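The values are calculated or read from the model by the stated rules, or taken from the named source; none is laboratory data. Note that the structure is predicted; figures quoted are calculated from it, not measured. Cβ atoms come from the backbone with ideal geometry, glycine included; neighbour counts cover every protein chain shown.
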Amino acid sequence: MSRSDVIGIFDSGLGGLSVLRAIRALAPQESLIYCADSRYAPYGERSDAFIAERSEAIGQWLCDQHAKALVVACNTATAHAISAFRTRFTLPAIGVEPGVKPAALASRSGVVGVLATAATLRSAKFQRLLTEFSDRCRFVCRAGHGLVERIEMGDLDSPEVEALLHQYLDPMLAAGADTLVLGSTHYPFLAPAIRRIAGDGLTLIDTGEAIARQLLRQLDQHDLRQPAGTTGTVRLCTTADAALLQRVAHQWLQLDATAEAIEIPLPALNQ
């Protein structure tokens, strides 16, 4: 693969595979490299400084792999690191954020549930989003403690996952929420389990496709799009268990690709 022919995607772990899935669906001609920082997942339980420094380190690693664009497929990393990330790297960088706006527009009851990590919920970026739409909706926010850890184990439907979802969803449903913001890229993989609890009356807001479309707009703007008819490849990398990443990519995305373990050193102050 020649220089600057690959799109770099990273997440704190496996959740960004939901974004990779959306990108592959819209742009199968693009080659992708996915970095799961599962050794340090979940980011949502870590300090803001760690999230920012770790995100920049992974961004640099992806640049070293000749990325032409970067996708921060992690709500927590976007909330705490995207500004510094864009300052440091000159190539197009696309972040993600909880779908508060589409949820506010979709809700009929005027009550929206938000399931996200603690770090995303406390971020200034997220608080500004809530303020912007607070005159339209009431937001019932819950930090999904424990969910990312279960997903990182490849667990999407165990009794433990169901119990956690009841803990977070039941107060939202009792408050009249008819729309749920999936505020972590991990959470779209829990959609079947959420449906079993909430039924089809709860609209789920997943921003994966919107992220993919924004990426394509950036590629077009910088004349970086691969020509139609090109066959894109996928390279899977993880700072933890390569066998697990390979297995879940096959199970969740029907993606047959070999995963590899990589090392991305921590900044000195986090050693």
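A few points about this structure:
- Single unsatisfied condition, residue 140 versus (1) of a type in the set (A, V, I, L, M, F, W, C); (2) more than 30 Å from residue 5 (Cβ to Cβ); (3) in the same structural domain as residue 31 (by TED's automatic domain parsing): (3)
- Number of the condition not met by residue 51 [criteria: (1) among the β-branched types (Val, Ile, Thr); (2) part of a helix (DSSP H, G or I); (3) at pLDDT 95 or above]: (3)
- In the condition set (1) of a type in the set (Gly, Ala, Ser); (2) in contact with a helix residue (DSSP H, G or I) (Cβ under 8 Å, 6 or more places away or on another chain); (3) over 24 Å from residue 182 (Cα atoms); (4) crowded, with 18+ Cβ neighbours inside 10 Å, residue 22 is compliant with all but (3).
- Any pair with Cβ under 9 angstrom, 6 or more apart, that starts in region 91-118 at a residue that is farther than 20 Å from residue 215 by Cβ and without any contact (Cβ under 8 Å) to a residue 24 or more places away in the chain and ends at one that is outside any loop (DSSP other than H, G, I, E, B) and of a type in the set (Gly, Ala, Ser): none
Results for (1) over 16 Å from residue 28 (Cα atoms); (2) surrounded by fewer than 16 Cβ atoms within 10 Å (Cβ to Cβ); (3) under 18 Å from the mean Cα position of the chain (by Cα), shown as yes or no for each residue.
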| position | (1), (2), (3) |
| --- | --- |
| 223 | yes, yes, no |
| 229 | no, yes, no |
| 235 | no, no, yes |
| 239 | yes, no, yes |
| 245 | yes, no, yes |
| 248 | yes, no, yes |
| 252 | yes, no, yes |
| 258 | yes, yes, no |
| 263 | yes, yes, no |
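Quick grid of which residues meet (1) of a type outside the set (Gly, Ala, Ser); (2) under 20 Å from the mean Cα position of the chain (by Cα); (3) surrounded by fewer than 17 Cβ atoms within 10 Å (Cβ to Cβ):
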site: 103; (1), (2), (3): no, yes, no
site: 123; (1), (2), (3): no, yes, no
site: 159; (1), (2), (3): yes, no, yes
site: 198; (1), (2), (3): no, no, no
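- Taken together, 164, 190 contain a single residue that is buried (at least 19 other Cβ atoms within 10 Å of the Cβ), in a helix (DSSP H, G or I), more than 18 Å from the chain's Cα centre (by Cα) and of a type outside the set (Asp, Glu), which is 164.
- The combined condition, being assigned by TED's automatic domain parsing to the domain that holds residue 262, under 18 Å from the mean Cα position of the chain (by Cα) and farther than 28 Å from residue 146 by Cβ, is fulfilled by residue 32.
- Residue in region 119-128 that is closer than 30 Å to residue 243 by Cβ and outside any helix (DSSP H, G or I) present: no
- Test: residue in region 159-169 that is modelled with pLDDT of 95 or more and among the polar types (S, T, N, Q): yes
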